[in-house]
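Written out below as structure tokens is the structure these notes cover.
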Amino acid sequence: MNRITFTAIILLLIVAIALAWTTDHYHGNAVRYKDQRDTATHNLKLANETITDMTNRQRDVAALDEKYTKELADAKAGNDALQRRLAAGGRVRVEGRCSVPTTTDTASTSRVGNAATVELSPGAGQNVLDIRAGIISDQEKLKYLQEYIRTQCQRKGSK
């Protein structure tokens, strides 16, 4: 019986070691899968935050685009109305001031002359309105880009 008991104890030890090894193996797998799950959950959260941020930015940019496109269209319509009025025989007047040098020998100062109005020829008036349209367009585009930079590029928390 001694030999049978010894063999039984050895077999029980082998079974216990096998069970311990199996338990450790499955525990290691469980820890590894939990870490993978936590990493995937974190990445999903980051992706959802990024999608939300991008959606908000797209909405903000669309609102900016709509606002400045409307302002540009309104300014262009005003300039087009001036061009139609000029084409229909209207006149373009330019108001300005200019420095007039004095004729004294002791000082070389200049004085500001009275404000005057100058009437332009139809061709020159058309050129002025074309230049004005370009300036208005450029100013509206600059305002749009400045607002875009202020709200999108310099936004707190931007990545």
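When the residues of region 84-110 are filtered to those that are exposed (fewer than 10 other Cβ atoms within 10 Å of the Cβ) and either among the β-branched types (Val, Ile, Thr) or at pLDDT below 55 (or both), the one that is nearest to the chain's Cα centre (by Cα) is Thr109.
Checking every residue in region 12-34 against the condition of being surrounded by 10 or more Cβ atoms within 10 Å (Cβ to Cβ) and within 30 Å of Cys153 (Cα to Cα) gives zero matches. Examine region 46-69 for a residue that is aromatic (Phe, Trp, Tyr), in a helix (DSSP H, G or I) and over 30 Å from Tyr144 (Cβ atoms), and state whether such a residue exists. Checked against the condition, which is being aromatic (Phe, Trp, Tyr), in a helix (DSSP H, G or I) and over 30 Å from Tyr144 (Cβ atoms), region 46-69 yields no hits at all.
The values are calculated or read from the model by the stated rules, or taken from the named source; none is laboratory data. In this text the structure is predicted, and so the values were computed from the model without any measurement. Note that we place each Cβ from the backbone using ideal geometry, even for glycine, and neighbour counts take in every protein chain shown.
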